[in-house]
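Colleague: Before I ask anything, here is the structure I am working with.
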Amino acid sequence: LNIANLANGCQKSIDIDDDLKLRAFYDKQISNEVPGDSLGDEFKGYVFRITGGNDKQGFPMKQGVLHASRVRLLLSQGHSCYRPRRTGERRRKSVRGCIVGPDLSVLSLVIVKQGEADLPGLTDGSVPKRLGPKRANNIRKLFNLTKEDDVRKFVIRREVVPKKEGKKPYTKAPKIQRLVTPRALMHKRRLTTLKKRQQEKSKEAAAEYAKLLAKRQKEHREQKEELRRRRSSASRTSVSKK
């Protein structure tokens, strides 16, 4: 059993060989909640949610496949248990159904409700987040900042210890995303100005084209009138000669 505690970020794997203890999980599906009383006295009061697992050959469980065995499905981009290597690629792959059975080697669980006793390595400690927020608005939300505060002073830095001996540790900070700076505003104003210039240029070009088209159409009409007059005058002269 691979048990995770989302409240503090801890995770622990427990080996259980007794099928009687695992019988409570059989015939349950992914996302079902199962009480942990059958696992032992230390799990009394705990409630777990099934999040996935692997069978003894390493094939992962897939949500929505209502089978307790392995099946072959045609998977494409967006499906779980598959990563396409090319655009539009589809592939038939073997996946394990979402119903728990005795052929599983790993079952992933998440603690939904904590019981009376603490589990060592799961509920007695906490794992700090390695990375802080990266987006400017999320940093403001975390530290309760206003629009006037400088977000760059509140970025969470992490310490990096070099692998080579003798080198001093240093800190790294993420590049803040969606940060409104004078340079960004200037870039935005420049793009707006270029867009307006292009629109004006397009309008002038369209007006010039319309003017040229009207001139050509007028010339074409005048040529047709001239040709018609010549034909009528020629037909009159031929009739008068007769």
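The values are calculated or read from the model by the stated rules, or taken from the named source; none is laboratory data. Here the structure is a predicted model, which is why all the values come from computation and not from measurement. For neighbour counting, all protein chains shown are included, and Cβ atoms are generated from backbone atoms with ideal geometry for every residue, glycine included. Please note that ligands, DNA and RNA were not included when accessible areas were found on the heavy atoms of the full protein model with its side chains. Shrake-Rupley method; radii C 1.70, N 1.55, O 1.52, S 1.80 Å.
Colleague: I'd like to verify a number: residues in segment 160-183 that are hydrophobic (A, V, I, L, M, F, W, C), open to solvent by less than 100 Å² (accessible area, probe 1.4 Å) and within 20 Å of K141 (Cβ to Cβ), how many?
Modeller: The number of residues fulfilling the criteria is 3.
Colleague: Something else now. Out of segment 152-168, which residues are closer than 17 Å to T181 by Cβ and either β-branched (V, I, T) or part of a loop (DSSP other than H, G, I, E, B) (or both)?
Modeller: V155
Colleague: Identify, by number, the condition in (1) crowded, with 16+ Cβ neighbours inside 10 Å; (2) at positive phi that G45 doesn't meet.
Modeller: Here G45 meets the rest and fails (1).
Colleague: Filter segment 115-151 down to residues that are part of a loop (DSSP other than H, G, I, E, B) and among the aliphatic types (A, V, I, L, M) and give me whichever is most open to solvent (accessible area, probe 1.4 Å).
Modeller: Of everything passing the filter in segment 115-151, L131 is most open to solvent (accessible area, probe 1.4 Å).
Colleague: Just one of the numbered conditions (1) within 30 Å of K129 (Cα to Cα); (2) free of Cβ contacts under 8 Å to residues at least 60 places away in the same chain is not true of Y46; which one?
Modeller: Against the list (1) within 30 Å of K129 (Cα to Cα); (2) free of Cβ contacts under 8 Å to residues at least 60 places away in the same chain, Y46 comes up short only on (2).
Colleague: Still on this structure, I have one more. Go through S126, S94 for me and flag whichever is under 21 Å from S13 (Cβ atoms) and polar (S, T, N, Q).
Modeller: Going through S126, S94 in turn, the sole match is S126.
Colleague: Go through segment 70-114 and give me each residue that's surrounded by 14 or more Cβ atoms within 10 Å (Cβ to Cβ) and either at positive phi or of a type in the set (D, E) (or both).
Modeller: C81 - this is the single residue of segment 70-114 that is surrounded by 14 or more Cβ atoms within 10 Å (Cβ to Cβ) and either at positive phi or of a type in the set (D, E) (or both).
Colleague: Just one of the numbered conditions (1) open to solvent by less than 70 Å² (accessible area, probe 1.4 Å); (2) without any contact (Cβ under 8 Å) to a residue 24 or more places away in the chain; (3) of a type outside the set (F, W, Y) is not true of R157; which one?
Modeller: (1)
Colleague: Between a residue in segment 113-140 that is without any contact (Cβ under 8 Å) to a residue 40 or more places away in the chain and over 28 Å from V47 (Cα atoms) and any residue that is of a type outside the set (G, A, S) and assigned to a helix (DSSP H, G or I), which pairs come within a Cβ distance under 7 Å, given they are 6 or more apart or on different chains?
Modeller: P133/I139; P133/L142; I139/V151; I139/F154; R140/V151
So that you can scan it fast, the table gives a plain yes or no per residue for (1) touching a strand residue (DSSP E or B) at 6+ places or on another chain (Cβ under 8 Å); (2) at pLDDT 90 or above; (3) not charged (D, E, K, R):
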site	(1), (2), (3)
L1	yes, yes, yes
A7	yes, no, yes
D15	no, yes, no
N32	yes, yes, yes
F48	yes, yes, yes
T51	yes, yes, yes
K56	yes, yes, no
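Colleague: Of K172, K113, K134, which residue is more than 30 Å from R72 (Cα to Cα), more than 26 Å from the chain's Cα centre (by Cα) and not hydrophobic (A, V, I, L, M, F, W, C)?
Modeller: K113
Colleague: Any residue at all in segment 69-89 that's touching a His at 6+ places or on another chain (Cβ under 8 Å) and outside any strand (DSSP E or B)?
Modeller: Within segment 69-89, not a single residue is touching a His at 6+ places or on another chain (Cβ under 8 Å) and outside any strand (DSSP E or B).
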